[in-house]
Structure formats: C-alpha cells, structure tokens
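Notes to accompany the following structure.
Derivation of every value follows stated rules applied to the coordinates shown; laboratory data play no part. Source: prediction; values computed, not measured.
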Amino acid sequence: MCPPAKVVFSRRQDAIAGVKRFNNVQLDGKPMKIEIVGTNIVTPAPFPNGAFGFEDTNGVPRRYVPGYSP
C-alpha cells in the first residue's frame, strides 16, 4: 500500500478539477483515491491607509483633537 500524499491547491476549482481528472486513475496497478479535505483559509486583505482613521490617505499619522472639525 502506498503512503498517502497531500496536494494543496490555492483555488477550490483547481482542486475539484484534480479530483475529476485523477480519482480512480491507475497508479502502480492500483486506483488512486482522491478526495478534498478541509477548506480554504482566507486571509483578509490589508486595510488601505486611513481605514482606521489614524492615518491620512498618504499613510501619515494624524492626531485626534476633541471638538476640532476641519
């Protein structure tokens, strides 16, 4: 019996295509068993400058002054 192998795909549709193409294909005289395990872990995109209100659009820090409105 062959040891299991792990293949990681960035896109789910590529993983699905891999299962469709290689599941039950003969390797060393035995059919491969291909399955999708787990889900994609999506990393959040970084916030643009100023997204938290502590920087202007150029990334320059700004101060909060209570009662001041430009």
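Would you grab the residues whose amide H sits under 5 Å from the one on I34? Only those 5+ places off in sequence or on another chain, please, with H modelled 1.01 Å from N.
For I34, the qualifying residues are N24.
Quick one: 3J(HN,Hα) in Hz for the stretch 26-33, Karplus 6.51/-1.76/1.60 with θ = phi - 60°, rounded, Gly and Pro as x.
Coupling constants for the stretch 26-33: 5, 9, 6, x, 10, x, 6, 10 Hz.
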